[in-house]
Amino acid sequence: MQKLELWHNISCSKSNSAKDFLEQNSFEISVRDYLLNPPSKVELEELLKKLNISIFELVRTGEEIYKDLKLENIKDEEKLIEAVIKNPILIQRPILVAENMAFIVRPPVKIEDIVNKF
């Protein structure tokens, strides 16, 4: 089994559900509170590659900061990446990361299917 990392937000019920499932089923995980330990640009770009999505698909558009910063007007990926690095609350959650792949675990019931892919 690959070592798994959970990008986690302790204030998110879906993130807590995913963490609880992994722990209760004896998966070896490291937990990254990405609000306290935000990703670097390189880490965020690596995550996007593992997820096989663009930054536009990773962003939580319902967050107040998204609206306050008028990020819906940004069409340039680099500019949006910079905004996300400065405001990691914009990252979808939870995210389960392995060596060569990653998945956004939403809804949490998907986690059983997802862990079978590792």
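The values are calculated or read from the model by the stated rules, or taken from the named source; none is laboratory data. Quick caveat: nothing in here was measured; it's all calculated off a predicted structure. No Cβ is skipped: glycine too gets one built from the backbone with ideal geometry, and neighbour counts run over all protein chains shown. Ligands, DNA and RNA are excluded from the accessible area calculation, which covers all protein heavy atoms including side chains. Shrake-Rupley method; radii C 1.70, N 1.55, O 1.52, S 1.80 Å.
Site pair residue 73 and residue 53 shows an inter-label distance of 2.5 nm when each label is modelled 7 Å from Cα along Cα→Cβ.
Pop the C-beta distance of residue 5 and residue 65 into the FRET formula with R0 = 25 Å and round what comes out to the nearest 0.05.
0.55
Surface composition of the chain: carbon plus sulfur atoms hold 47% of the accessible area, using a 1.4 angstrom probe and ignoring ligands, DNA and RNA. A simple spin-label model places pseudo-atoms 7 Å from Cα toward Cβ; at residue 85 and residue 16 they are separated by 3.2 nm. How large is the translational diffusion coefficient of the chain in µm² per second when you combine the Kirkwood radius over alpha carbon pairs with Stokes-Einstein at 25 °C and 0.890 mPa s? It diffuses with D of about 169 µm²/s by this estimate. Indicate, rounded to the nearest 5 percent, the antiparallel portion of the DSSP beta bridges found entirely in the chain. Bridges in the chain that DSSP calls antiparallel: roughly 60 percent.
Could you give the accessible area per residue of the chain, probe 1.4 Å, as a whole number in Å²? Could you put the intermediate results ahead of the total?
On the way: 6690 Å² over 118 residues.
Result: 57 Å² of accessible area for each residue.
With respect to the chain, whose longest principal axis is taken over its alpha-carbon atoms, helix 41-51 is tilted by about 60°.
If the chain between residue 45 and residue 101 were fully stretched, how many nm would it gain, using 0.36 nm times the residue separation less the Cα-Cα distance? Mind dumping the intermediate values first?
Details: separation 56, 0.36 × 56 = 20.16 nm, distance 1.27 nm.
Result: 18.9 nm gained on full extension.
Axis of helix 13-24 versus longest Cα principal axis of the chain: the two differ by about 30°, to the nearest ten degrees.
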